[in-house]
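The values are calculated or read from the model by the stated rules, or taken from the named source; none is laboratory data. Keep in mind the model is a prediction, meaning the values are calculated, not measured. Here the Cβ positions follow ideal geometry from the backbone for every residue, glycine too, while neighbour counts run over all protein chains shown.
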Amino acid sequence: MAATTADLAVDLGTSRTRVVGKGAAPLLLDVPTVVATASRGRKQEVVAVGEAARKMIGRTPEGTRVLRPVRAGVVADFEATEQLLRSLLKEVGGRSLRKPRLLVCIPYGTTEVERRAVADSAKAAGAGSVLLAVSPIAAALGADLPVQDPVASMIVDLGGGRTHAAVTSLGGLVVARSAQVAGDTLDEAIGAWMKVNRGLQIGERTCETLKTRVGTLIPELHHDLHMRVRGRDLASGRPEELEVTADDVAAAIGETALRIRQLVLETLAATPPELAADIVDRGMILCGGTSDLRGLDARLRDDTALPVLRAEDPVRCVARGAARLLADATLLERVATTA
Ligand SMILES: Nc1ncnc2c1ncn2[C@@H]1O[C@H](COP(=O)(O)OP(=O)(O)OP(=O)(O)O)[C@@H](O)[C@H]1O
Ligand SMILES: [Mg+2]
């Protein structure tokens with residue numbers, strides 16, 4: 001068995017990938033989990049990764065493909081994941097670390113096949129060895145929760161592809177729930193709603209922009225929010241532009257948001273009484289990009305009658321927690337596993 005130690009950690013997220021190291025400023029990279037490839041003869045060659053590749057989504061000519069290799073937190077495209085990781089490892093210092101030992105954060109509740117896919121793509125990308133840690137533990141550490149104490153801490157990570165709700169105590173997960181409903185599902189709901197209710201087909205990135213600029217779960221507080229969007233009119237096939245309001249987006253995402261809220265309630269219902277009592281006092285901490293959705297924290301407060309707080313720099317909680325694991329061999333030993 002490989003020694004429980006790692007040089008770098010990767011939060012391989014559905015939307016963004018973060019790489020952290022051991023230094024005083026651990027965050028080394030934070031880029032979209034996107035790879036663009038083009039056919040050169042019979043081979044597909046990488047032409048862009050990260051932000052440059054993301055800009056190409058929905059705008060590629062024939063022969064070029066833009067891939068999001070991670071879906072719902074798990075590797076959906078092995079080769080593209082390997083290409084992304086190879087390029088990122090090279091960028092963070094191929095010179096000093098020829099075969100870095102990697103810690104990769106993975107969702108809670110993945111199958112053995114999914115875990116092996118992550119480990120194998122990291123090794124194929126040049127990692128010397130690979131350790132895995134479930135992301136809710138890292139998120140709780142990154143949010144500065146007292147994960148190792150005999151007290152319950154509740155963390156809710158609302159990402160691009162997954163929502164996790166978990167309760168930690170004494171360095172482990174006591175209760176955890178994970179579902180494939182998160183930012184991407186909200187975007188898809190907006191796309192579907194626009195088709196049905198406005199007869200307009202809009203792209204993936206436009207759906208996301210609508211969500212972040214106009215999205216709310218409490219439209220009565222956000223009547224001032226609206227946005228003009230462009231797409232293809234389904235009836236005429238012509239490009240069309242129209243106005244979308246906060247009420248429209250709220251109608252589009254309400255049901256999906258409810259599924260996210262339900263996951264939090266399910267997690268609380270499964271929490272043993274002593275620990276539930278701690279949570280009554282201390283509340284839950286939200287992290288992940290989707291925790292920025294307007295009104296989500298207020299809705300969760302209404303649902304649970306508990307304190308709901310946002311973590312500092314919520315999109316980097318898992319990465320920050322992973323950096324703490326790199327720096328603490330004893331904790332890493334407790335938390336990490338091999339594939
Ligand atoms: N202001 C905002 N309002 C709503 N959603 C937002 C906002 N800003 C970012 N998001 C969403 O947050 C998601 C990305 O969050 P995050 O970076 O935590 O995901 P990830 O870690 O890559 O994914 P996962 O952990 O699910 O694999 C995207 O779906 C993005 O659209
Ligand atoms: Mg994440």
> Given Gln44, Gln83, which one is surrounded by 17 or more Cβ atoms within 10 Å (Cβ to Cβ), outside any loop (DSSP other than H, G, I, E, B) and touching a Ser or Thr at 6+ places or on another chain (Cβ under 6 Å)?
Replying inline: Gln44
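Filter region 144-176 for residues that are of a type in the set (Val, Ile, Thr), within 13 Å of ligand 2 (Cβ to nearest atom) and touching an Asp or Glu at 6+ places or on another chain (Cβ under 8 Å) and give the result.
Of region 144-176, the ones of a type in the set (Val, Ile, Thr) are 147, 151, 155-156, 163, 167-168, 174-175.
In the following step, the residues that additionally are within 13 Å of ligand 2 (Cβ to nearest atom) were identified as 155-156, 163.
The one that is of a type in the set (Val, Ile, Thr), within 13 Å of ligand 2 (Cβ to nearest atom) and touching an Asp or Glu at 6+ places or on another chain (Cβ under 8 Å): Thr163.
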> Conditions: (1) within 16 Å of ligand 1 (Cβ to nearest atom); (2) among the acidic types (Asp, Glu); (3) in the same structural domain as Ala166 (by TED's automatic domain parsing). Asp278 meets all but one. Number of the miss?
Replying inline: (1)
> Are there any strands (runs of 3 or more DSSP E) wholly within region 231-339 with 3 or more residues that are without any contact (Cβ under 8 Å) to a residue 40 or more places away in the chain, and if so which?
Replying inline: 239-245, 308-310
> From the list Ala138, Ala179, Ala192, which residue is within 14 Å of ligand 1 (Cβ to nearest atom), surrounded by fewer than 21 Cβ atoms within 10 Å (Cβ to Cβ) and hydrophobic (A, V, I, L, M, F, W, C)?
Replying inline: Ala179
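Restricting to region 189-230, give me the number of residues that are in contact with a helix residue (DSSP H, G or I) (Cβ under 7 Å, 6 or more places away or on another chain) and either free of Cβ contacts under 8 Å to residues at least 24 places away in the same chain or not small (Gly, Ala, Ser) (or both).
22
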>> Within region 87-172, considering only strands (runs of 3 or more DSSP E) that don't extend past its boundaries, which have at least 1 residues that are under 21 Å from Leu275 (Cα atoms)?
In response: 129-134, 153-158, 163-169
> Of (1) more than 21 Å from Leu326 (Cβ to Cβ); (2) surrounded by 23 or more Cβ atoms within 10 Å (Cβ to Cβ), Leu67 satisfies all except one. Which?
Replying inline: (2)
>> Pairs needed: first member in region 14-25, closer than 18 Å to Leu84 by Cβ; second member anywhere, within 8 Å of ligand 1 (Cβ to nearest atom) and charged (D, E, K, R); C-beta distance under 6 Å; at least 6 residues apart or different chains.
In response: Arg18/Asp11
> Any residue in region 202-225 that is on the phi < 0 side of the Ramachandran plot, in the same structural domain as Leu293 (by TED's automatic domain parsing), more than 12 Å from ligand 1 (Cβ to nearest atom) and at pLDDT 95 or above?
Replying inline: no
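On the given criteria, is Arg294 over 21 Å from Val167 (Cα atoms), under 23 Å from the mean Cα position of the chain (by Cα), basic (Lys, Arg) and assigned by TED's automatic domain parsing to the domain that holds Leu173? Break it down stepwise before answering.
Values: over 21 Å from Val167 (Cα atoms): yes; under 23 Å from the mean Cα position of the chain (by Cα): yes; basic (Lys, Arg): yes; assigned by TED's automatic domain parsing to the domain that holds Leu173: yes.
When the stated conditions are applied, Arg294 passes them.
Do we have any residue at all in region 8-16 that's over 26 Å from Asp328 (Cβ atoms), within 16 Å of ligand 2 (Cβ to nearest atom) and in contact with a Gly (Cβ under 8 Å, 6 or more places away or on another chain)? Explain how you work it out, then say what you get.
Here is the first cut: in region 8-16, the ones over 26 Å from Asp328 (Cβ atoms) are 14-15.
Now restrict to residues that are within 16 Å of ligand 2 (Cβ to nearest atom): 14-15.
Imposing the further condition that a residue be in contact with a Gly (Cβ under 8 Å, 6 or more places away or on another chain) reduces the set to 14-15.
Yes, that holds for at least one residue.
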> Among the listed residues Leu84, Leu103, Leu97, which satisfies the condition of being modelled with pLDDT under 95 and aliphatic (A, V, I, L, M)?
Replying inline: Leu97
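Which count do you get for residues in region 3-38 that are of a type in the set (Lys, Arg) and outside any loop (DSSP other than H, G, I, E, B)? Lay out the reasoning, then the answer.
Taking region 3-38 and keeping what is of a type in the set (Lys, Arg), we get 16, 18, 22.
Keeping just the survivors that are outside any loop (DSSP other than H, G, I, E, B) gives 16, 18.
Residues that pass the stated criteria total 2.
So in region 141-151, with the set limited to residues that are within 25 Å of Val181 (Cα to Cα) and away from ligand 1 (no atom under 14 Å from the Cβ), which one is surrounded by the fewest Cβ atoms within 10 Å (Cβ to Cβ)?
If we filter region 141-151 for residues that are within 25 Å of Val181 (Cα to Cα), which is where we start, we get 141-143, 145.
Filter once more, keeping what is away from ligand 1 (no atom under 14 Å from the Cβ): 141, 145.
On the way: Leu141: 28, Leu145: 22.
Applying the filter and picking the extreme gives Leu145.
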>> Quick test of your reading of the structure: Ser169 fulfils all but one of (1) more than 10 Å from ligand 1 (Cβ to nearest atom); (2) outside the structural domain of Leu242 (by TED's automatic domain parsing); (3) surrounded by 24 or more Cβ atoms within 10 Å (Cβ to Cβ). Name the failing condition by number.
In response: (3)
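Please state which one of Asp292, Asp302 is closer than 20 Å to Glu255 by Cα and either away from ligand 2 (no atom under 16 Å from the Cβ) or surrounded by fewer than 17 Cβ atoms within 10 Å (Cβ to Cβ) (or both). Talk me through it step by step, then tell me what you get.
Working: Asp292 fails: either away from ligand 2 (no atom under 16 Å from the Cβ) or surrounded by fewer than 17 Cβ atoms within 10 Å (Cβ to Cβ) (or both).
Testing whether each residue is closer than 20 Å to Glu255 by Cα and either away from ligand 2 (no atom under 16 Å from the Cβ) or surrounded by fewer than 17 Cβ atoms within 10 Å (Cβ to Cβ) (or both) leaves just Asp302.
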